[in-house]
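Worksheet: the structure to be examined is printed underneath.
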Amino acid sequence: MKKDYIFDDFRKVMIDALADFIRGESIAYIGMILILTAFFLETRDILQSKAAPYLGLMALGSGLLAVRAYFIDEWAFLILEIAWFIAAIWGFSSLLSKKTGPDSTQ
């Protein structure tokens, strides 16, 4: 016989709340703001498109939008956001490999 604890109910409520948040508009707005911030700062020459902060904002924003697209069954949007996410992560990994490459000074 399985014991029921108050924390089991709390965990279910929290998981349901998280799923509702992901399906909701809030996460979409957060992702959109991150991507637009990166784009705005890049067009004003504050960030460079190959710089870590830019790529981080793009990866985080597109990752959030990809998760939301999955939960609301927007498959074309999901593919687009996954492509943006992969491109940003790929660019970020290129930065890391340049810093730890054979020509880098440590």
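The values are calculated or read from the model by the stated rules, or taken from the named source; none is laboratory data. Predicted model only: the values in this text are computed from it and were never measured. We place every Cβ from the backbone using ideal geometry, glycine too, and count neighbours over all the protein chains shown.
Among the residues of the stretch 79-96, those that are under 17 Å from the mean Cα position of the chain (by Cα), among the aliphatic types (A, V, I, L, M) and surrounded by fewer than 18 Cβ atoms within 10 Å (Cβ to Cβ) comprise I79, L80, I82, A83, I86, A87, I89.
For residues in the stretch 1-60 being modelled with pLDDT of 95 or more and aromatic (F, W, Y), which is farthest from the chain's Cα centre (by Cα)? Going through the qualifying residues, I end up with F40. Output yes when any residue across the stretch 64-78 is farther than 25 Å from K98 by Cβ, surrounded by fewer than 15 Cβ atoms within 10 Å (Cβ to Cβ) and modelled with pLDDT of 95 or more, and no when none is. Looking for residues that are farther than 25 Å from K98 by Cβ, surrounded by fewer than 15 Cβ atoms within 10 Å (Cβ to Cβ) and modelled with pLDDT of 95 or more, one finds at least one in the stretch 64-78, hence yes. Selection of the stretch 52-78 for residues being of a type outside the set (V, I, T) and touching a residue at least 40 places away in the same chain (Cβ under 8 Å) yields A52, L55, R68, F71.
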